[in-house]
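For reference, the structure is listed below as structure tokens.
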Amino acid sequence: MTKRHSATIAVRAGIAEDPAFAAVTPPIYLSSTYQLPAFRQAGAYDYSRSNNPTRDILGEALAELEGGAKAIITNTGMSACLLALQLLTPADTLVIPHDCYGGSYRLFTNLAYKKQAFKLISVCQQAQQFGALVVVDNTFLSPVLQQPLALGADIVVHSTTKFINGHSDIIGGAVIAKQQSVADELKWWGNCLGLTAGALDSYLTLRGLRTLPLRLKAQQANTAAVVDFLVKHPLVARVYYPGLADHPGHQVAKAQQAGFGAMCSFELKAPATLLADFFAALRYFTLAQSLGGTESLICHPASMTHASMDAAAQKTAGITDTLIRLSVGIEEVSDLQADLAQALAVVATALAAHGDE
């Protein structure tokens with residue numbers, strides 16, 4: 001057969017492969033330890049920190065989706081980043097984008113590495129000249145919308161908490177390596193440091209993965225409609241979404257992605273003192289950390305996801321006090337637009353009241 005499509009990979013992972021009872025969906029292997037075949041004879045599994053059947057099914061699916069040799073499933077997205085760092089030696093230099101995820105920024109800067117931003121393909125080309133490895137965080141797009149390994153990257157990391165799981169009920173991560181030798185080293189460190197994920201979280205992530213292409217299709221359609229609404233609203237100073245032709249990353253995104261994703265942000269054209277009123281008025285956008293779930297979330301990066309960055313670093317990354325980030329879910333889009341409209345109306349009323357004072 002030809003190369004499988006992403007939807008087929010996601011749905012068929014582990015299906016009809018149960019060796020014990022021929023269960024269609026794979027069971028959850030919660031056991032922490034496994035019986036050896038005999039004295040001094042190693043079995044396929046011995047201890048769940050090292051290997052777990054449920055976790056392995058998820059890893060095989062993600063490795064195939066990303067086009068990698070192997071995936072190591074970790075207990076958090078941050079542990080996936082930490083695991084990738086184990087490939088560094090004291091003499092190595094780590095190059096990161098300044099506007100990366102706040103938790104990653106905190107980890108990298110506190111480990112005292114230097115940073116600089118590049119386009120992905122440019123990074124890969126330059127890295128090859130120096131024999132360097134390129135690690136790409138593909139959390140916002142998932143392998144359905146972008147495969148960094150095919151673009152020249154060596155390692156992909158994910159917070160599977162987000163789009164891959166898609167239901168905001170697990171914490172997890174994944175590291176996928178292009179080369180088997182690199183994957184083997186990462187697997188060794190994952191076991192050594194105890195970073196691997198539990199069976200139940202792996203099972204729930206695998207269950208969420210099955211609907212990933214369908215969820216992303218709906219979320220992107222909703223996001224495009226929400227962005228269209230925001231662009232036209234008088235209380236929105238600017239909208240940031242790579243699907244917009246005037247976005248600085250539009251051409252790059254168009255060239256290397258299969259879609260523009262379900263994340264957008266905008267600048268509120270009002271004092272930051274009115275943010276509390278705006279957030280309190282929302283009914284369908286929940287003020288919360290994280291992203292990528294079926295439910296729509298809204299957050300204030302300066303005080304939430306990127307709070308660990310100091311004021312100067314936030315300014316360099318383009319994070320202002322009035323910047324608002326949306327993770328658009330799969331609700332009826334007219335309800336989402338109406339929710340933003342009524343919350344912005346609250347801001348308009350407050351502005352009018354202040355103008356009368």
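Over 23 Å between Cα atoms, which of Lys70/Lys162; Lys3/Lys178; Lys217/Lys254 qualify?
Working: Lys70/Lys162 20 Å; Lys3/Lys178 17 Å; Lys217/Lys254 16 Å.
Exceeds cut-off: none, every pair is within range.
Give me, ordered by chain and number, the residues 5 or more places off Val236 or on other chains with an amide H under 5 Å from its own placed amide H.
Excluding prolines and chain starts, which carry no amide H, the hits are Lys269.
Do the sum for the chain: with -39,500 (n - 2.57) for every DSSP H run of n ≥ 4, divided by all residues, what is the mean residue ellipticity at 222 nm, to the nearest 500 deg cm²/dmol?
Details: 13 runs with 144 residues, N = 357.
Estimated from H runs of four or more residues: -12000 deg cm²/dmol.
Of all accessible surface on the stretch 198-357 at a 1.4 Å probe, what whole percent is carbon and sulfur? Before the final figure, lay out the partial values.
Details: 4130 of 7160 Å².
Carbon-and-sulfur percentage of accessible area, whole number: 58.
Can you tell me the order of 121-128, 337-344, 72-79, 213-220 when each peptide is scored by its average per-residue count of other Cβ atoms within 10 angstrom, highest first?
In descending order of packing, they fall as 72-79, 213-220, 337-344, 121-128.
Give me the 1.4 Å probe accessible area per residue for the chain, excluding ligands and nucleic acids, in Å². Please report the intermediate quantities before stating the final value.
Working: 17590 Å² over 357 residues.
Per residue, the chain has an accessible area of 49 Å².
Between the stretch 1-55 and the stretch 261-309, how many Å separate their Cα centres?
Distance between centres, Cα-based: 39 Å.
If you find the alpha carbon centre of the stretch 318-335 and of the stretch 172-199, how far apart are they in angstrom?
Here the answer is 33 Å between Cα centres.
Using a 7 Å offset from the Cα along the Cα-to-Cβ direction at both Lys269 and Arg238, what is the distance between the two label points in nm, to one decimal?
In this crude spin-label approximation the distance works out to 1.4 nm.
If the chain between Glu60 and Lys3 were fully stretched, how many nm would it gain, using 0.36 nm times the residue separation less the Cα-Cα distance?
Numbers: separation 57, 0.36 × 57 = 20.52 nm, distance 1.49 nm.
My answer for the length gained is 19.0 nm.
Which log10 I(q)/I(0) values does the stretch 142-200 give at q = 0.15, 0.22 Å⁻¹ under the Debye formula, counting every alpha carbon as one identical point scatterer?
-0.52, -0.99
What GluC sites (Glu not before Pro) does the stretch 5-106 have in DSSP loop regions with at most 15 other beta carbons within 10 Å?
Values: sites: Glu17, Glu60, Glu64, Glu66; in loops: Glu17.
For GluC sites (Glu not before Pro) across the stretch 5-106 that sit outside H, G, I, E and B with at most 15 neighbouring Cβ atoms in 10 Å, the list reads Glu17.
Run the quick spin-label model on His354 and Asn191: label points 7 Å from Cα toward the beta carbon, then report their separation in nm to one decimal.
5.9
Once fully extended, how much extra length lies between Leu133 and Ala225, figured as 0.36 nm per residue of separation less the alpha-carbon to alpha-carbon distance? Write down the numbers at each step before the final one.
Working: separation 92, 0.36 × 92 = 33.12 nm, distance 3.81 nm.
Residue separation times 0.36 nm, minus the Cα-Cα distance, leaves 29.3 nm.
How far is it, in nm, from the label point at Asp246 to the one at Thr93 when both lie 7 Å from their Cα along the line to the Cβ?
3.7
Restricting to DSSP loop positions (anything but H, G, I, E, B) with no more than 12 other Cβ atoms inside 10 Å of their own Cβ, which trypsin sites (Lys or Arg not before Pro) remain in the stretch 38-85? Intermediate results must be reported in sequence, preceding the final value.
Working: sites: Arg40, Arg49, Arg55, Lys70; in loops: Arg40, Arg49.
Listed in order of number, the matching sites are Arg40.
Order 315-323, 243-251 from most to least packed using the mean count of other Cβ atoms within 10 Å. Could the numbers behind the result be given before it?
Details: 315-323: 16.4, 243-251: 13.2.
Sorting 315-323, 243-251 by mean packing, highest first, produces 315-323, 243-251.
Would you pull out the residues with amide H under 5 Å of Thr74's amide H, same chain only if 5 or more places away, H placed 1.01 Å from N?
Placed amide hydrogens put Gly173, Ala174, Val175, Ala197 under 5 Å from Thr74.
Determine the equivalent ellipsoid of the chain by diagonalising the alpha-carbon gyration tensor, then write out the semi-axes as square roots of 5 times the eigenvalues, largest first, rounded to whole Å. List each step's numbers first, then the result.
Details: eigenvalues 291, 114, 70 Å².
The equivalent ellipsoid of the chain has semi-axes of 38, 24, 19 Å.
Would you list the membrane-span-like helices of the chain, meaning whole DSSP H runs whose alpha-carbon atoms span at least 27 Å along their axis and whose mean Kyte-Doolittle value is at least 0.5?
On the way: long enough: 212-232 (30 Å, 0.44); 333-356 (35 Å, 0.82).
For the chain, where a helix must reach 27 Å along its axis and average at least 0.5, the hits are 333-356.
If you roll a 1.4 Å probe over the stretch 10-169 with all protein chains in place, what percent of the accessible area is carbon or sulfur? Write down the numbers at each step before the final one.
On the way: 4550 of 8320 Å².
Of all accessible area on the stretch 10-169, carbon and sulfur atoms account for 55 percent.
For the chain, what relative contact order do you get, as a whole percent, if you take Cα pairs closer than 8 Å and at least 6 residues apart? Could the numbers behind the result be given before it?
Working: 634 pairs, mean separation 64.0, N = 357.
Averaging sequence separation for qualifying contacts and normalising by length gives 18 percent for the chain.
Longest exposed-loop-site-free stretch of the chain, with chymotrypsin sites (Phe, Trp or Tyr not before Pro), DSSP loop and at most 11 other Cβ within 10 Å? The partial results should precede the final answer.
Working: sites that count: Phe21, Phe39.
Longest site-free region, per DSSP loop and neighbour criteria: 40-357.
Mind checking the full-extension length gain between Gln180 and Asp277? Use 0.36 nm per residue of separation minus the Cα-Cα distance, one decimal, nm.
Numbers: separation 97, 0.36 × 97 = 34.92 nm, distance 5.23 nm.
Full-extension gain reported as 29.7 nm.
The values are calculated or read from the model by the stated rules, or taken from the named source; none is laboratory data. What you see is a predicted model; the values in this text were computed from it and never measured. Glycine gets a Cβ as well: all are built from the backbone with ideal geometry, and neighbour counts include every protein chain shown. Heads up: the accessible areas ignore ligands, DNA and RNA and are worked out on the full protein's heavy atoms, side chains in. Shrake-Rupley method; radii C 1.70, N 1.55, O 1.52, S 1.80 Å.
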